[in-house]
Amino acid sequence: MIEILRVENATVKFGGLVALNNVSVVIREGQIVGVIGPNGAGKTTLFNAIAGAIRLTDGKIYLRGELISGLPHHAIAGRGISRTFQQIRLFRNLTVLDNVKIGLHPRGKAGALDALLQLERTRQEEQWLEAEARRYLDLVGLGHRAGQAAMSLPYGEQRRLEIARALAANPILLLLDEPAAGMNPREARELGAFIRWIRDELGKTVLLIEHNMRVVMPISDHVVVLSQGQKIAEGSPREIQENPLVVEAYLGKAYLLWRERQTRAAH
């Protein structure tokens with residue numbers, strides 16, 4: 001498979017704190033890769049470094065073979081990386097449609113002068129933005145919500161809207177930071193199926209941080225485990241679930257008991 005992202009020996013230090021220590025990860029086209037670990041493991045630091053929100057102290061990050069570490073976040077976004085956040089970041093007073101249109105604007109061509117002069121190409125682009133935004137809303141099942149204020153949506157639909165806005169930038173790599181946070185079990189199951197659909201039907205490569213093992217394990221092709229800023233394991237979901245170091249550092253006995261009950265129920 002084609003390599004999409006390569007993180008080489010990534011290290012991030014904040015003063016005397018080492019938030020990320022010599023972490024390397026490779027993500028290939030068409031994969032869903034899960035990043036798990038306890039709070040403070042360095043997961044969000046890794047995401048922020050990939051997205052350009054923070055700079056590496058040491059190491060390198062490549063997107064399709066191009067060195068992107070050190071570039072500003074808008075330049076990295078322009079090269080094909082979109083992300084969501086732990087805390088939903090919507091323009092809550094704007095409509096659902098306008099939120100997605102904002103995600104589309106980097107793909108537009110018209111500048112401020114074009115808008116000021118009300119040129120024909122500006123009007124054509126505005127029509128394209130609206131049609132494209134409606135297309136993405138339809139894709140994520142929110143077309144019927146287009147005219148509503150973003151704040152009026154149920155929590156699970158707000159998450160879908162944030163993902164739709166990220167998808168509107170047409171990324172080659174989609175970063176999802178704890179997308180199931182705050183969801184009930186039904187919403188979490190639906191989200192897992194939705195993320196798999198994004199990969200299978202839209203052809204997107206996905207890297208996600210997730211604490212909910214019932215979401216991340218069934219959908220991930222590959223799982224990376226961080227603890228105290230270091231990578232302690234990686235492999236298939238089954239390999240991770242059976243890794244004693246991972247169980248001790250993160251999953252715990254309660255998870256093993258749950259998995260054992262699920263296995264018995266399946267038989």
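The values are calculated or read from the model by the stated rules, or taken from the named source; none is laboratory data. Quick caveat: nothing in here was measured; it's all calculated off a predicted structure. Counting neighbours? That spans all protein chains shown, and the Cβs are built from the backbone with ideal geometry, glycine included.
Here are a few things to note about the model shown:
- Glu162 falls short on exactly one of the conditions (1) loosely packed, with under 15 Cβ neighbours inside 10 Å; (2) at pLDDT 85 or above, and that condition is (1).
- Spans of strands (runs of 3 or more DSSP E) in the stretch 1-91 with at least 2 residues at pLDDT 95 or above and among the polar types (S, T, N, Q): 3-14, 17-28
- Residue match in the stretch 169-177 (condition: closer than 29 Å to Val215 by Cβ and at pLDDT below 90): yes
- Residue within the stretch 140-150 that is closer than 17 Å to Arg196 by Cα and buried (at least 23 other Cβ atoms within 10 Å of the Cβ) present: no
- Counting the residues of the stretch 209-238 that are among the β-branched types (Val, Ile, Thr), farther than 25 Å from Asn184 by Cα and not in a strand (DSSP E or B) gives 0.
- Checking Gly15 against (1) farther than 29 Å from Glu201 by Cα; (2) without any contact (Cβ under 8 Å) to a residue 24 or more places away in the chain; (3) crowded, with 17+ Cβ neighbours inside 10 Å; (4) not polar (S, T, N, Q), the condition it does not meet: (3)
- Residue list for the stretch 40-94, filter: farther than 20 Å from Leu226 by Cβ, among the small types (Gly, Ala, Ser) and touching a residue at least 60 places away in the same chain (Cβ under 8 Å): Gly65, Ala77, Gly80, Ser82
- If you check Gly192, Gly203, Gly229 for being buried (at least 20 other Cβ atoms within 10 Å of the Cβ) and closer than 14 Å to Ile32 by Cβ, only one passes: Gly192.
- Test: Arg159 is out of contact with any helix residue (DSSP H, G or I) (no Cβ under 6 Å at 6 or more places or on another chain), within 30 Å of Ala133 (Cβ to Cβ), assigned to a helix (DSSP H, G or I) and not aliphatic (A, V, I, L, M): yes
- Residues in the stretch 76-98 that are under 12 Å from the mean Cα position of the chain (by Cα) and among the small types (Gly, Ala, Ser): Ser82 alone.
- Some residue of the stretch 123-142 being at pLDDT 90 or above, of a type outside the set (S, T, N, Q), over 12 Å from Asn99 (Cα atoms) and assigned to a strand (DSSP E or B): no
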